Every structure is written in structure tokens, then in C-alpha cells.
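S.K.: Got a structure for you, written out below as C-alpha cells; questions coming shortly.
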Amino acid sequence: MRVGLVCAHTSSYRHADGPPVGTQQHIARVAAELAGRGHDVRLYERRDDPGLPETAARG
């Protein structure tokens with residue numbers, strides 16, 4: 001199954017210099033669990049800084 005997770009209120013880039021916040025950890029666990037079960041998972045999140053890349057691949 002193809003799964004799209006929309007996370008409009010947080011960005012994984014936002015706290016890159018600090019520890020992950022609860023929302024990031026939860027979304028990462030959900031995405032990893034779904035991907036581990038063979039699903040194609042895409043995470044859509046806001047980009048606060050236009051200088052950041054538009055896409056990022058995570059494994």
C-alpha cells in the first residue's frame with residue numbers, strides 16, 4: 001500500500017541541532033513500522049526555510 005503521512009505542524013529539519021521532539025519521534029516510528037511491513041511511505045512536512053532541500057530520502 002502507498003501511505004502518505006502529512007505532518008503540517010513540525011519539520012524534521014526544525015530541530016536538527018537538538019534532540020528530536022515527541023511528534024518527530026512518533027511520526028518516525030509510525031513511518032518505520034509501516035515501511036517495515038512493506039508499505040511505500042511518504043512523509044509530507046512543512047519547510048520553514050526556503051534554503052533547505054525540497055526533498056530528502058531516508059532509509
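S.K.: If you take every residue apart from G4 with its C-beta less than 10 Å away from the C-beta of G4, what net charge results, scoring Lys and Arg +1 and Asp and Glu -1?
M.R.: Overall, the nearby charge balance is +1.
S.K.: While we're looking at this one, here's another question. Please list the non-local residues whose amide H lies under 5 Å from the amide H of V41, H modeled 1.01 Å from N, same-chain partners needing a gap of 5 or more.
M.R.: V3
Only the coordinates and a few stated rules stand behind these numbers; no lab work does. Not measured: the values here are computed from a predicted model. For neighbour counting, all protein chains shown are included, and Cβ atoms are generated from backbone atoms with ideal geometry for every residue, glycine included.
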